[in-house]
Amino acid sequence: MSGGSTTEPRTESLVAVSHGTSDPAGQRAINSLVEEIRRAASVAVHQSFVDVQEPRASTLLLGLPDEEQHAVLVPLLLSRGVHVDQDLTEAAALRPNTRIAPALGPHPSLALVIEHRLVQAGWRRGEPVILAGAGTRLAQGVHDCQQVANLLAGLLGVQVTAAFVAAATPSLGEAVAAARAASPQHRVVVASYLLAPGYFQSLIERCGADLVSDPLLAPDAEVPAELVNLVLHRFLAALS
């Protein structure tokens, strides 16, 4: 018999973790994104949630097959917040060799998708834009959204103001009112900085703006390649 040692192949898996929603259109949008990730990835891809839907990330991790030794939780979330900093950290601690990738934002790819959604909605070049994020109590999450507003401003060549549906300031309602007062002759344009349709998107659509864009994953539309590539980029970076 020959001596020496053998090394078992390292097997990774990508666990896509979204917020979860009871909205059927939002569920279809996230499911479509995960399916596109699964088609593009060279590893096993699983879907989980931090709220509303099942399986939760912790439950899924505990049920992964033994051969998937290195799991990476990739948040399908646009900025840092309690779900990334607390919920996923607690879930990852339940299984050895589990890593957590950063949230999707901020990243230039997100600004590109938002620009596309604005153009689809009828945005006219030169019109200022309000970027409407969900909101978070974490200062870093607010900063993340402001960074995306800056990236979008660079693409559009106009002022882009970050505002929030909840938990952070300025509120979307305040931003819309301020824009209306500052330029009553211009339309108030709001770009949705949400990943998928759902309750928060419905609030954005009722904010009083003249024009509101679809979320990044528009209802029953093709999944932007930029989002798929960004998820895979976050996954690979977490492994390196």
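The values are calculated or read from the model by the stated rules, or taken from the named source; none is laboratory data. Predicted, not measured: the structure shown is a model, and the values here were computed from it. Backbone-built Cβ (ideal geometry, glycine too); neighbour counts: all protein chains shown.
Pick from Leu211, Leu230, Leu203, Leu236: which is closer than 14 Å to Glu115 by Cα and either outside the structural domain of Leu33 (by TED's automatic domain parsing) or modelled with pLDDT of 95 or more (or both)?
So the residue among Leu211, Leu230, Leu203, Leu236 that is closer than 14 Å to Glu115 by Cα and either outside the structural domain of Leu33 (by TED's automatic domain parsing) or modelled with pLDDT of 95 or more (or both) is Leu211.
Does Arg80 satisfy the condition of being surrounded by 17 or more Cβ atoms within 10 Å (Cβ to Cβ), within 27 Å of Ala167 (Cβ to Cβ), in contact with a helix residue (DSSP H, G or I) (Cβ under 6 Å, 6 or more places away or on another chain) and not β-branched (Val, Ile, Thr)?
Working: surrounded by 17 or more Cβ atoms within 10 Å (Cβ to Cβ): yes; within 27 Å of Ala167 (Cβ to Cβ): yes; in contact with a helix residue (DSSP H, G or I) (Cβ under 6 Å, 6 or more places away or on another chain): yes; not β-branched (Val, Ile, Thr): yes.
Yes: the conditions hold for Arg80.
Residue-wise test of (1) touching a Ser or Thr at 6+ places or on another chain (Cβ under 6 Å); (2) closer than 25 Å to Gln185 by Cα; (3) exposed (fewer than 14 other Cβ atoms within 10 Å of the Cβ).
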{"residue": "Glu127", "(1), (2), (3)": "no, yes, no"}
{"residue": "Leu131", "(1), (2), (3)": "no, yes, no"}
{"residue": "Thr136", "(1), (2), (3)": "no, no, no"}
{"residue": "Ala139", "(1), (2), (3)": "no, no, yes"}
{"residue": "Gln146", "(1), (2), (3)": "no, no, no"}
{"residue": "Ala153", "(1), (2), (3)": "no, yes, no"}
{"residue": "Thr161", "(1), (2), (3)": "no, yes, no"}
{"residue": "Ala166", "(1), (2), (3)": "no, no, yes"}
{"residue": "Thr169", "(1), (2), (3)": "no, no, yes"}
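Within the range 23-39, does at least one residue satisfy the condition of being at pLDDT below 95 and among the polar types (S, T, N, Q)?
no
Step by step: first the residues of the range 188-215, then only those that are touching a residue at least 24 places away in the same chain (Cβ under 8 Å) and surrounded by fewer than 16 Cβ atoms within 10 Å (Cβ to Cβ), then the one that is farthest from Gln120 (Cα to Cα). Which residue is that?
Top of the filtered list is Tyr199.
Can you tell me which condition His46 does not meet? The list is (1) buried (at least 18 other Cβ atoms within 10 Å of the Cβ); (2) on the phi > 0 side of the Ramachandran plot, and all the others hold.
His46 satisfies all of (1) buried (at least 18 other Cβ atoms within 10 Å of the Cβ); (2) on the phi > 0 side of the Ramachandran plot except (2).
Which count do you get for residues in the range 97-122 that are in contact with a helix residue (DSSP H, G or I) (Cβ under 8 Å, 6 or more places away or on another chain), in a loop (DSSP other than H, G, I, E, B) and in contact (Cβ under 8 Å) with a residue 40 or more places away in the chain? Talk me through it step by step, then tell me what you get.
So the first thing to find is which residues in the range 97-122 are in contact with a helix residue (DSSP H, G or I) (Cβ under 8 Å, 6 or more places away or on another chain), and the list is 98-115, 118.
The next check asks that each one be in a loop (DSSP other than H, G, I, E, B); those that pass are 98, 101-107.
The next check asks that each one be in contact (Cβ under 8 Å) with a residue 40 or more places away in the chain; those that pass are 101-107.
Here the count works out to 7.
Output the number of the condition that Val34 fails; it satisfies all remaining conditions of (1) within 17 Å of the chain's Cα centre (by Cα); (2) within 30 Å of Gln159 (Cβ to Cβ).
(2)
May I ask you to list pairs of residues, at least six apart or on different chains, whose Cβ atoms are under 6 Å apart, with the first in the range 146-162 being in contact (Cβ under 8 Å) with a residue 40 or more places away in the chain and the second being surrounded by fewer than 18 Cβ atoms within 10 Å (Cβ to Cβ)?
These pairs meet every condition: Leu151/Pro108.
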